[in-house]
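J.: First the structure, which I've put down as structure tokens, then a few questions once you've had a look.
The values are calculated or read from the model by the stated rules, or taken from the named source; none is laboratory data. As the structure is a prediction and not an experimental result, all values here were calculated from the model. Cβ placement follows ideal geometry from the backbone for every residue including glycine, while neighbour counts extend to all protein chains displayed. Accessible surface is based on the protein model in full, side chains and every heavy atom, while ligands, DNA and RNA are left aside. Shrake-Rupley method; radii C 1.70, N 1.55, O 1.52, S 1.80 Å.
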Amino acid sequence: MKRVLMICAIITVLTTVGIVWVLFSESYTFFQHVSIWDFLTDTEWSPLSTNKHFGILPLLSGTLLVTAISMSIAVPMGIIIAIYLSEYAPKKFRYYIKPLLEILASIPTVVYGFFALTVVTPFLQNYIPNLAGFNALSAGLVMGIMIIPMISSLSEDALYAVPKSLREGAYGMGSTRLQTSFNVILPAASSGIIVSIILAFARAVGETMIVTVAAGNMANLTADPRETVATITAFIVNMSSGDVQQDSIEYQTIFAAGVTLFVFTFILNSVSFYIKKRFQEKYD
Amino acid sequence: MTSADKNRIKDKAFEYVGMACTFFGLFMLVIFLGDILMTGIEKIDMDFLSNFPSSRARKAGIYPAWTGTLWILGLTAIIAIPIGIAAGIYFEEYAKKSKMANFLEINLANLAGVPSIIYGLLGLQIFVRTLNFGTSLLSGACTLALLILPVIIVSTREALKAVPDSIRQASYGMGANTWQTIWHQVLPASAGGIITGIILAISRAIGETAPLIVVGAATFITNVPDSPMSDYTVLPMQIYSWIGMPDKEFAKSAAAGIIVLLLITFVLNGIAVFLRNRWQKKVKW
């Protein structure tokens, strides 16, 4: 019986091996046509036009632009909510509110895309005249709302795990709840909070349907949130939903884009795993 | 005003800021659900559930989409549940504290963080091309099964971890071997937690769109799947294709599709939360 169970466990290893092998072998053929240097420095991405360019920078900038917008909403909001729920709110309130907030994280992302495209963009266009129909801003804002509960839930767990004695100590010195939260509890729970931020960041980088639906599909090296952009993930979706010949260079670009995304999220996940193992605060 | 007064005011101010942020999140949820209900509710009737998609928005329905969703969920569950539970048992009961276990652990943590679209690329190359399943339900189900496997494994492990060691020791004391102990004592005691995890994993699979686009779910389909090798579409895929239509009338169809999709997701999540609470209350070691 142990054998059978072990084989099942090894499937998880095979999955990883499969992902790495598929991504790297297909991109290897890609990089025989396009030099890695061009891939990393060319500022144009146009695999389907007659004058082909394969510079990943526009896709990367699109990804980072949307991610930055979403994080600028989700990190402050998520942490404030976490502190409020853990240090201020009555227990009952926390008990009911936390699962309600987590509903936000369980909604399928294509639904958020619909919301960004049909509600948020028209609303923002009233105030921002040059806002394109597909734009990084709406996609980023809505993605930010989606990842608030990821940060608030994990951070709140970290704050809640700080032992009572530290709180009592700070109160005993005459600190207010605010001073206790920011000077004692927050530093004590910092590793857990940083892990939650990194995981949310990785999630935002890999998020696909919101950006595909609402941010557009135009590789665009820009930092202007009002413009249409394409992220790595949106490119993969759009490219693979068209009819692309297998073994063509267009087909391989999907994997070259995929490998970039994978390396990116792999580094983020590894860092968060390392922090979690290394800096776990222990109070006895 | 003394500095103590100032600190008290700041403290109170932060309390209101925190409350405002929390309610902002809930407020967005309400607006969001409200808007979709208002847009889509008029579309929902028997015809919507029993019609095929059409180029005319008034006649377009989700019959192939929801049957496709049921098919793919069934197949995904058949593949992922036994493997996930078995792997979870191995991780928690057999592979404790070895080099191998440590490696498996890191690997699992990383897999859980891989973006879903990468699983789509894996499925495209392995299931669609190499194993030649084509753009069938089977390809989609295998891909989704790999995607939710880490979720099932992690929740199975947590459920097993919650069973106290005294139960195992008592079983060993009666002369049972490891597998007998797991099968007769540990698994029944942790069933609630494992089932909760499985439901949450399945509800995650329902909403996945990106990997299925990559492994070739169809956007327009005129028949209902009748075998694992059929072409298919799923609800989120149908919604995605309606969102892309220029005709505004299709936005209503998309919203109506979203209502059905959210209903399924919320019901499953509700069942999971209910089971978790019941199970936590009932089991007191």
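J.: Assigning unit charges at the beta carbon (Lys, Arg +1; Asp, Glu -1) and nothing else, what dipole magnitude in debye, to the nearest 20, does chain A show about its Cα centre?
T.: So the dipole magnitude of chain A works out to roughly 1320 debye.
J.: Rule-of-thumb check for the protein assembly as shown: C-alpha Rg over 2.2 N^0.38 Å?
T.: Values: Rg = 24.5 Å, N = 569, 2.2 N^0.38 = 24.5 Å.
For the protein assembly as shown, the normalised Cα radius of gyration comes out at 1.00.
J.: Hey, with R₀ at 25 Å, roughly what FRET efficiency would A:K52 and A:A223 work out to, going by the Cβ-Cβ distance, to 0.05?
T.: Working: r = 25 Å, r/R0 = 1.00.
Result of the calculation: an efficiency of 0.50.
J.: For all pairs of alpha-carbon atoms in chain B, what percent lies in each bin of width 5 Å, listed from the first bin to the last filled one?
T.: For chain B, the pair-distance distribution reads 1, 5, 10, 12, 13, 13, 12, 10, 8, 6, 5, 3, 2, 1, 0, 0.
J.: Check which residues have an amide H placed less than 5 Å from A:S46's amide H, if you skip close sequence neighbours.
T.: Those qualifying (amide H under 5 Å, at least 5 residues apart or on another chain) are A:H53, A:F54, A:G55.
J.: Which pairs, out of A:K2/A:K277; B:K96/B:K161; A:K2/B:K97; A:K91/A:K164; A:K98/A:K276, put more than 19 Å between their alpha-carbon atoms? Let's see the in-between values first.
T.: Values: A:K2/A:K277 28 Å; B:K96/B:K161 12 Å; A:K2/B:K97 16 Å; A:K91/A:K164 15 Å; A:K98/A:K276 23 Å.
With Cα atoms farther than 19 Å apart: A:K2/A:K277; A:K98/A:K276.
J.: Could you give the nm distance between label points at B:S50 and A:Q179, where each point is 7 Å from its Cα heading toward the beta carbon?
T.: With each label point 7 Å from Cα toward Cβ, the separation is 7.1 nm.
J.: Also, I was wondering about something else. Across peptide A:72-80, how many C-beta atoms of other chains are within 10 Å of each residue C-beta, on average? Kindly include the intermediate steps, with their values, before the conclusion.
T.: Working: counts 0, 1, 0, 0, 1, 5, 2, 1, 8.
What the average comes to for A:72-80 is 2.
J.: Right, here's the next one. Which ³J(HN,Hα) values in Hz, rounded to whole numbers, follow from the phi angles of the stretch B:199-208 under the Karplus curve 6.51 cos²θ - 1.76 cosθ + 1.60, where θ = phi - 60° and Gly and Pro get x?
T.: Each residue's phi maps through the Karplus curve to give 4, 5, 5, 5, 5, 5, 5, 4, x, 5 Hz.
J.: Please list, or write none, the aspartates and glutamates whose alpha carbon is within less than 17 Å of the alpha carbon of B:K252, excluding same-chain residues fewer than 8 places away.
T.: Cα-Cα hits under 17 Å: B:D35, B:E42, B:D45, B:D47.
J.: With contacts defined as alpha carbon pairs under 8 Å and 6 or more residues apart, what's the relative contact order of chain A in percent? Write out the running numbers ahead of the final one.
T.: Details: 395 pairs, mean separation 73.6, N = 284.
Relative contact order here is 26 percent.
J.: Rounded to the nearest 0.05, what FRET efficiency do B:F24 and A:Q245 have when you use their Cβ-Cβ distance and R0 = 56 Å? Kindly include the intermediate steps, with their values, before the conclusion.
T.: On the way: r = 48 Å, r/R0 = 0.86.
The value I calculate is 0.70.
J.: If you place +1 on the Cβ of every Lys and Arg, -1 on the Cβ of every Asp and Glu, and leave all else neutral, what size is the dipole of the stretch B:48-282 about its Cα centre, to the nearest 20 Debye?
T.: Values: 17 positive and 10 negative charges, 93 e Å.
Computed charge dipole of the stretch B:48-282: roughly 440 debye.
J.: Follow-up. With springs only between Cα atoms under 10 Å, which of B:E208, B:E92, B:E15 fluctuates most in a Gaussian network model of chain B?
T.: Result: B:E15 has the largest fluctuation of those listed.
J.: Additional query: Between A:L268, A:L137, A:L40, find the one with the highest GNM mean-square fluctuation for chain A; connect C-alpha pairs within less than 10 Å.
T.: For chain A, modelled as a Gaussian network with Cα springs under 10 Å, the answer is A:L40.
J.: Charges on Cβ only, +1 for Lys and Arg, -1 for Asp and Glu, centred on the Cα centroid of the stretch A:12-278; of A:A215, A:S241, A:T43, which one is farthest towards the dipole's positive end?
T.: Towards the positive end, the residue furthest out is A:A215.
J.: Anyone know which of A:M173, A:M143, A:M77 comes out most mobile in the 10 Å Cα GNM of chain A?
T.: Maximum fluctuation in the GNM of chain A, among the listed residues, is at A:M173.
J.: What is the packing order of peptides A:208-220, B:257-269, B:166-178, taking the mean over residues of other C-beta atoms within 10 Å and listing the highest first? It would help to have the intermediate numbers written out before the result.
T.: Working: A:208-220: 26.4, B:257-269: 20.0, B:166-178: 12.7.
Top of the packing list down: A:208-220, B:257-269, B:166-178.
J.: Continuing with the same structure: Put +1 on the Cβ of every Lys and Arg and -1 on every Asp and Glu Cβ in the protein assembly as shown; which of B:T222, B:A170, A:F31 then has its Cα farthest towards the positive end of the dipole?
T.: B:A170
J.: Got the relative contact order for the stretch B:48-282 handy, in percent, Cα pairs under 8 Å and 6 or more residues apart? Display every interim value, and only then the final one.
T.: Details: 315 pairs, mean separation 65.5, N = 235.
Over the stretch B:48-282, the number comes to 28 percent.
J.: Also, I was wondering about something else. Counting pairs of alpha carbon atoms under 8 Å apart in space and at least six apart in sequence, what relative contact order in percent does the stretch A:199-268 give? If you can, show how the numbers build up before the last one.
T.: Working: 65 pairs, mean separation 22.6, N = 70.
32 percent.
J.: Just to confirm, what accessible area per residue do you get for the protein assembly as shown at 1.4 Å probe, in whole Å²? Could you put the intermediate results ahead of the total?
T.: Values: 25350 Å² over 569 residues.
Here the residues of the protein assembly as shown average 45 Å² of exposed surface.
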